[in-house]
1. Any chance you could tell me what percent of the C-alpha pair distances in the range 1-133 go past 27 Å?
2. Would you please give the FRET efficiency between E135 and C20, computed as 1/(1 + (r/R0)^6) with r the Cβ-Cβ distance and R0 = 25 Å, to the nearest 0.05?
3. In whole Hz and in residue order, list the ³J(HN,Hα) couplings for the range 21-31 that follow from phi through the Karplus curve 6.51 cos²θ - 1.76 cosθ + 1.60, θ = phi - 60°; x for Gly and Pro.
4. Which Cα, out of V87, Y132, C24, lies furthest along the positive dipole direction of the chain (beta carbon charges, K/R +1, D/E -1)?
5. Taking H as built 1.01 Å from N, whose amide H comes closer than 5 Å to the amide H of L60, not counting residues under 5 places away?
6. Can you list the lysines whose alpha carbon sits under 27 Å from that of K68, skipping same-chain ones fewer than 8 residues off?
7. Which value, in debye to the nearest 20, gives the size of the charge dipole of the range 98-144 about its Cα centre, when Lys and Arg are +1 and Asp and Glu are -1 at the Cβ?
8. Give the carbon-plus-sulfur fraction of the accessible surface of the chain in %, rounded to a whole number; probe 1.4 Å, heavy atoms of protein chains only.
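The values are calculated or read from the model by the stated rules, or taken from the named source; none is laboratory data. Note that the structure is predicted; figures quoted are calculated from it, not measured. Cβ sites come from the backbone with ideal geometry, for glycine too, and all protein chains shown count toward neighbours. Side chains included, ligands, DNA and RNA excluded: accessible areas come from the protein's heavy atoms. Shrake-Rupley method; radii C 1.70, N 1.55, O 1.52, S 1.80 Å.
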Amino acid sequence: MMVAEDSYPLEHLHIHYAFCSEQCRERFRRYPHLFVGDPAHGPSEKQKGRVERKAHRIKLVAAVEGTKRESLRNAVESLMGVETVDVGGDQVLVVYDLVQVSLNDIEDAIIAEIGGIREGVTDKIRRAFIHYSEECELENLAHLSGHHRH
């Protein structure tokens, strides 16, 4: 993707990068080795075309109808890495590439758009486990290039 040189700038290892959005800049800042390879270890996981497809059903506090349903779908679809979004009643089914976006990012977009997701104890525990699992998976992917070759 081509972007202006001053678009969401970030410096990594003395190299200037520009991004299409705050989401992409933050993702790169947290996991640069997912996106940038190096001479000693070769291409990054993203450069190799790696996709980590995930699908989750997110329960909302209430059913979403009409124009709010469409605006919620559009808000989630606007995130880089989201493949499909199905808003039905009080649930959102989303399929996404973990390399580009996490469930936490998706939930943040939902909360910003409609104000909340279901907050029962079981829901909180399940989401916390998924967030932790995704964070571990991303950490492992970001370090693969440094550990799998000798």
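1. The proportion of pairs with Cα distances above 27 Å equals 28 percent.
2. With a Förster radius of 25 Å, E is 0.60.
3. With the stated coefficients, the range 21-31 comes to 7, 5, 4, 5, 5, 5, 4, 5, 4, 6, 9 Hz.
4. The listed residue farthest towards the positive side: Y132.
5. Placed amide hydrogens put Q91, V92, R118 under 5 Å from L60.
6. K54, K59, K124
7. In debye, rounded to 20, the range 98-144 gives about 200.
8. Summing carbon and sulfur atoms, their accessible area is 55 percent of the total for the chain.
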